[in-house]
Each structure stands twice: as structure tokens, then as C-alpha cells.
Amino acid sequence: MEDIKAYVQQHKDRFINELIELLKIPSVSADTAYSQDVIDTADAVKESLSKAGCDFVEICDTPGYPIVYGEKIIDPNLPTVLVYGHYDVQPPDPMELWTSPPFEPVIKKTEIHPEGAIFARGACDDKGQMYMHVKALEYMVQNNTLPCNVKFMIEGEEEVGSKSLGWFVERNHEKLKNDVILISDTGMISNQQPSITTGLRGLSYVEVEVTGPNRDLHSGLYGGAVANPINILAKMIASLHDENNHITIPGFYDKVEELSLEERAEMAKAPFSLEKYKKALDLNDVYGEKGYVTNERNSIRPTLDVNGIWGGYQGEGAKTVIASKAFAKISMRLVPNQDWEEITELFVKHFTSIAPAGVTVKVTPHHGGQGYVTPIDSIGYKAANMAYTETFGVPAIPVRSGGSIPIVALFEKELKSKTILMGFGLDSDAIHSPNEHFGIFNYLKGIETIPLFYKYFVELSK
Ligand code: BES
Ligand code: MN
Ligand code: MN
């Protein structure tokens, strides 16, 4: 398909400008202050799907933010690709660390992106990657090369747990019927070495609250005589890992699938430089579970991390006080076979059991989801690999990612179809961080590669 290369070259400025317009709308799903912006973004996505050539588009209301649905059905006897993506983004904070405002996209060159990258919240996760699919559809419609049916389902609650999407999928089996689900919401190894994500971790996210006295106390008058909830919380959290960085919650590892030495040797073949990894993060060393290397610790092993912790006095100067309460937000990344609801229960049971007398503990589960692994001998995987091989000149490497897209396991359960994760982001793109960006090279390469996936998927399905 030389045509697609030419089409991308001819229209790239418009492709970039359209994405920039979409990135200007602050669709932060976690913060209700942005709710109108989230809804406006759904409208903008709907509009873009119509313009790109969908025959039917609609905004589907849900108990939460709307889902944008679009389709182009050319022949019911041909295969159907269902594209999933999300138009919501993470909160931009801490604002002061952005070198340009998060919702005023600008193109800047970086060492890794000499052609330039678009800096904005959501540039890579996931507006930029989602929009590659819209532009790939535009190309296929304009050039009469769409070889099968296509459906789009773009949601606005991915960053807060996809609650309404689960609700929607359960109620719309027929509408969403497909032969393969295609998602670009992950990464690849580098711009020279594409990879296909074959696994995602599951997730259990909880919030804990430790309460001591019924009010804040003078730390001189009461200090030493009552439990300090912040001291206790710190102690409790510290006890969740042992000296080998194993998680101490009883039963936590019971269902963890141990990979064979062969599988681990296979994983170790993916190019990785520990030195570069440390340098990129200004670390003097890495840290993690004993017995595993970095690329295993962040993909095939479960983890427990505090995402936020607060309580007591945080203002200027010193205030002598024992706070009444202390809080933390804790996430556990899970591997396939670990059930997130079971793990949440184990956490609640254990965390309440280790609370000493003198405090009370409340645990509130937020959201979660199952992990996912996909085989590499499916038609979908092969088609994706053929597409990457053609546009990058080298085959893709299968990689299990540490991130989570909980809805993928639910798709398999509800819609009985496999998901192919064709990600074009890089780990250095700073998703969820200040200065998130998406390489122009990656954006255009994605638009170029996607139509080839359709082509090969249909060929291999025959
Ligand atoms: N796109 C990410 C997940 C991701 C990124 C997977 C890179 C693999 C590689 C997604 O938007 C995300 O951030 N997911 C959340 C989970 C969700 C339930 C909030 C995550 O992984 O923290
Ligand atoms: Mn995402
Ligand atoms: Mn995300």
C-alpha cells in the first residue's frame, strides 16, 4: 500500500491540526469540574467519525459519561473489526511541572522524537492513538480500500475504571458483535523496534482510612499516650512487603501463574538496557522483588503500590499536631489468574487484621479488573505483525505490559472475541505524568500501519 504513505504525507498537517483541536478540550474524567468538557469531547469524536466516513454514529448515554459508537458496514458476510479507545484523560496535575500548559498543545522536538512530538495531556493516552484509527478509516473510505466492516466504540471513563462501559457491553452484545477487537492504547519498544502487547495486568484499587482520636490533638499534651494514625498507617503500609519485596498479604500469590524458564528466557530476548533505563529516570539503582529482573517485575509479577498518602499538617512552617485521621490510596497490579475481587477481599481482611488497638481502619474498594494474555498464533496477531513488518521493516516482538486496560478481559468474557493491542506510544512519552507527548512519527506511522492490519486480517480470515 504505497498509497497510504502518500496519503499521510499529503494530509499530515491537517491530521496533526485535527488532533491538536481534540487535545484542547480538557476531558478529565476523574474531576467533575470538567464534566461539560468530557461531554463536549464525546461530541467532537462523534463528529470526527461521521466526517471520516462512518455511515452511522451515535452518542450512547450511560449512567456515567457517554460512549461514542460509529460503524460502517459494507457487507454483513465480511469480517468486522471493533475499534475501542478512550477520549477521557488523566488529571493534569502537578500543573507546575508542565513546560507548556497541558491543554494548549505544542509541538516540540526531543532526543527520542527528532521529528517533533505533540505535548498535551492525552496526546498519547489515548486521544492521539484513538484518532489514528479515525484517520486510518478516512483513508480507507476515501480510497475505497476498506476491506471489511468496522465498528468504533470510544468511551469516556477508561481512566476511572470503565464502569459504564461494562454496563454498555453487557447490554449490547448484538450491536458490538465482531471478529476481532483492535486497540491502540499501549506502547511499543522503540521507533526502530515495534512490539505487540500480548498481556496486560489486572488491577485492584483501594482507599484506606485510619482513625485514631475523634479530633486533632496537641502533640505535646497527647503525644505518646494515644495512637498517631499517620505513624500507624506508615507502619501498616511498610509491613505489606517483606525484606525480599514479596507482598505479605496471605493468599496473595496463590493463583499467580509462574512462567517457565523457557518463557522467561524468551522474554529476556526483547532489547532492554538497564543502564539507559536508570539514566532516563535518574536512578542510582532499580528496586523490586527478589528473584526477578526489571522487565519481569513490571509485567509478569503482581505488585502493591501506594499512589497517594495524606493526613495531618501540610501547610507552611511547623504545626505540632496529632491528626485524627490518615489516608492512603493503594493499587495492586495483578497477573492473569488472580481474580481482582478475591484479591480486594484478601486485602481488606489482612489490612483490617493488622490494625493495632487504638485505631480503627476503613477500607473502601474503588475499582479493578482482570489481567489479560493473548496468544501469538491468532489471525489477529499475525495480521498485526504483518502490518508492522511492512511499515517498520522489522517484525514486531511480543511483549507483556505492566499497564492495565481492565475492559479487555471483559470484552473476551462478554463478546467472546480476542483483542489485538497495537500500541504506538513509547514508555518515555510520560503518560499520566506532566509533559505527556506523542511523537509525530508514531502518530503518522500508526495511521499508516492500521489499514494494513485490516487488509491482512481479512486476507487471513478467508
Ligand atoms: N492506556 C493505559 C494503559 C496502558 C498504558 C497499558 C501503556 C499498557 C501500556 C490506560 O489508559 C490506563 O492508564 N489504565 C489504567 C487503569 C485504569 C483502570 C485506571 C492503569 O493502567 O493505571
Ligand atoms: Mn489509555
Ligand atoms: Mn491512562
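Criterion applied to 107, 112, 67, 74 was being under 22 Å from residue 420 (Cβ atoms), more than 16 Å from ligand 3 (Cβ to nearest atom) and more than 21 Å from the chain's Cα centre (by Cα), and the one residue passing it is 74. Residues in region 151-183 that are under 19 Å from the mean Cα position of the chain (by Cα) and part of a strand (DSSP E or B): 152, 153, 154, 155, 181, 182, 183. One residue stands out among those in region 141-160 that are within 15 Å of ligand 1 (Cβ to nearest atom) and out of contact with any Phe, Trp or Tyr (no Cβ under 6 Å at 6 or more places or on another chain): the one that is farthest from residue 456 (Cα to Cα), which is 160. Could you please let me know if residue 415 is within 16 Å of ligand 2 (Cβ to nearest atom), outside the structural domain of residue 207 (by TED's automatic domain parsing) and hydrophobic (A, V, I, L, M, F, W, C)? In short, no.
If you take the residues of region 226-257 that are more than 29 Å from the chain's Cα centre (by Cα) and assigned to a loop (DSSP other than H, G, I, E, B), which of them is farthest from residue 329 (Cα to Cα)? That would be 243. Look at (1) within 14 Å of ligand 1 (Cβ to nearest atom); (2) within 20 Å of residue 281 (Cβ to Cβ); (3) surrounded by 21 or more Cβ atoms within 10 Å (Cβ to Cβ) and you find that residue 427 fails only one, number (3). If the condition is being more than 16 Å from ligand 3 (Cβ to nearest atom), closer than 20 Å to residue 376 by Cβ, of a type outside the set (Val, Ile, Thr) and assigned to a strand (DSSP E or B), then region 184-225 contributes 195, 199. Among the residues of region 88-106, just one is within 16 Å of ligand 2 (Cβ to nearest atom) and β-branched (Val, Ile, Thr), namely 89. Restricted to helices (runs of 4 or more DSSP H) entirely inside region 375-462, those with at least 1 residues that are at pLDDT below 95 are 407-415. Among residues belonging to region 161-199 that are of a type in the set (A, V, I, L, M) and either under 20 Å from residue 430 (Cβ atoms) or surrounded by fewer than 18 Cβ atoms within 10 Å (Cβ to Cβ) (or both), point out the one that is farthest from ligand 1 (Cβ to nearest atom). My answer is 189.
The values are calculated or read from the model by the stated rules, or taken from the named source; none is laboratory data. Note that the coordinates shown come from a computational prediction; the quantities given were computed from them, not determined experimentally. Glycine also receives a Cβ, built like all others from the backbone with ideal geometry; neighbour counts cover every protein chain displayed.
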